[in-house]
Every structure is written in C-alpha cells, then in structure tokens.
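Below: one structure, written as structure tokens.
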Amino acid sequence: MAIALNPIRHEAADARSNRPGGGSGASPEPGALRLWWPILIGLLALYLPTYYDLAHGIWNSEEQAHGPIVLMVTLYLIWERRGMLFAEDHAHPLLGWALLLFGLLLYALGRSQEILLFEVGSQIPVLLGTLLITLGLRAARSLWFALFFLLFMIPLPGFVVDAATGPLKQYISILAEQALYVFGYPIARSGVTLTIGPYQLLVADACSGLHSLFSLSAMGLLYLYMIGHKNWLRNGLLIASILPIAFFSNVARVLLLVLITYYLGDAAGQGFLHGAAGFLLFIIALLLLFLLDGLLAHFFKPEQR
C-alpha cells in the first residue's frame, strides 16, 4: 500500500493506486475531511434504512445471501483506493449533478413503492454523481470496479428470474436423469420431477443455477480484477467459462441430492446435507475457475499474461 508522506510523492502514489488491488493511503488534508464528512453522513442517512431492510429481508434467503458479501467487498475496494478521495482533479458538475439527481429519483421511487431494483440500484448513480461533482473523472475511473461490483447486490427482476428459471430447471432435470440412467439407477422424469426408487424429488427454483451463476460471476470477476491479467483473450475465456461452470455445478448438485435421497432417505436429502451440498459445489465451481486460469497460464507467454 503506497503512503504519500509529502507532496512530492503524491504523483507516484496515484500512479500505483491505478493498479488492481494497489490502494493509496494518502494522508487527507483537514479541508478534504471537512468536505467528506457531510457527504458520508448523507449517504449513511440515505442507505442505512435500505441495508437494515435488506438484512431483515431478502439477505436471509438462499438466493440473495451473497448481498452482504458484495457490500463488504465494495467497501473494501473503496477503502483500498481511499487516497483518490482526497486527490485534486477537475470536477464534472454538470454530468455529476445529472447522475446524482437521477439516482435520487430512483431511490425515492424505489423506497416509496418498495421496488428494490430501483432502491438498491440507485446507489451506483448516486455514488458516481457524487464523485464527479466533488473529485472528477480520475477518481471515478479509479473506483469504477467498486461501483460496477454493486450491480451484484441488486436483486434480479422477477420477470428475469421467471424467464430463466424454467428452462434451466428443465435442462438440469434432463441431464440428471440421463446421467443416472446411464449408471443403471431406477430413475424417471416428468417435467422437473425426478422419481428414483420410492422417492420423488422436485427440482426447485434454487437448483436452477440462476443465482449460483450470479454469485459465481461476482466472485469470478472480482478474482480477475484482483489478479489483473493483461491479456484480453485470457480474461475473455475465463469470463466465458463462468456460465458452463455454474450450470454443470448445479447439475452435479442435483445429482448429489438425488443420490443422497436414494441411499439415505428423504430426510437426509432435505436436511443439513441439502444446504451443505450447495455450498460445497459453489466452492468447487470457484476452484474449477482457478484451475482453468492456471491451465491457461501455460498457453500464454509471461509478457502476455
């Protein structure tokens, strides 16, 4: 972490802060602190009620359990680049005010009408507008990934979930049935209901892989940002691999739960092992992404990585 001890080193510290993970801990001027205290208080007054509602609502569900993690990672990324919050640059008040007012309108509409898509999503234009008004484009560019990462805290719209969940569950059910049939298990399928021996299992929405894809995308993009590969082809291949990894991880999850139910009974399949299987396979999906990155490293020269 670069620490600017005097004005002569400010430029070098800013240059280092532009690298992924390379924060700048420049000592703030008293005037800069006086500028940011009212801004921080205003942001907390605006969004603490939102976080409170989320913590007592959808963040307790399996589908949105990644929300607090996204928030903490975003705060960490901003803290790592905190030196940019006190750097001098040309402000962009016109664009900044337009974004800030748009974000505040989104927040007011979302808060009053209980539309989480607008209420949570308003954080991005509000923060970006504030940065442009107070600091300018350089600070906004430095914190671009932190602002982008907030997208993963926004709950998916219902129509997106409904449109994607059905086909995903259907494909997962078909693959699970065919895989178990190949290995000689007494398996049958009707829609998204699997019958194995005396047990019937419904492939639920949570097993569709949609939210796993969302969570894995967040962790995968964070990994790529922190690693900082320079090769666009390597980054593109890793990003493209997230979808199939997430999909086949959920196929493996359904297979595992079906086998647990078949051998240990319905209580085991719906109990602790149900949640543990989802967590374990999410970790395995992340490890597969890391393994793929390691394999790709052998196909690129050191200067191309």
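A short reminder: the numbers here are calculations on the coordinates, not readings from a lab. Bear in mind that the values here come from a model prediction, so they are computed numbers and not experimental data. Ideal geometry is used to build each Cβ from the backbone, glycine not excepted, and the neighbour counts take in all protein chains shown.
Computed from the C-beta positions of PHE299 and TYR223 and an R0 of 22 Å, the FRET efficiency is 0.75 to the nearest 0.05. Between ALA267 and ILE174, the FRET efficiency from the beta-carbon distance, with R0 = 22 Å, is close to 0.25. Between GLU114 and VAL160, the modelled labels are 2.2 nm apart [label points 7 Å from Cα along Cα→Cβ]. Think of the range 158-304 as having a plus end and a minus end, set by charges on the Cβ of Lys, Arg, Asp and Glu; of GLY197, PHE290, LEU264, PHE290 sits farthest toward the positive end of this dipole. The tail of the calculated P(r) for the range 45-94, taken as Cα-Cα distances beyond 12 Å, holds 74 percent of the pairs.
Report note on the peptides 120-131, 172-183: ranked by the mean count of other C-beta atoms within 10 Å, highest first, their order is 120-131, 172-183.
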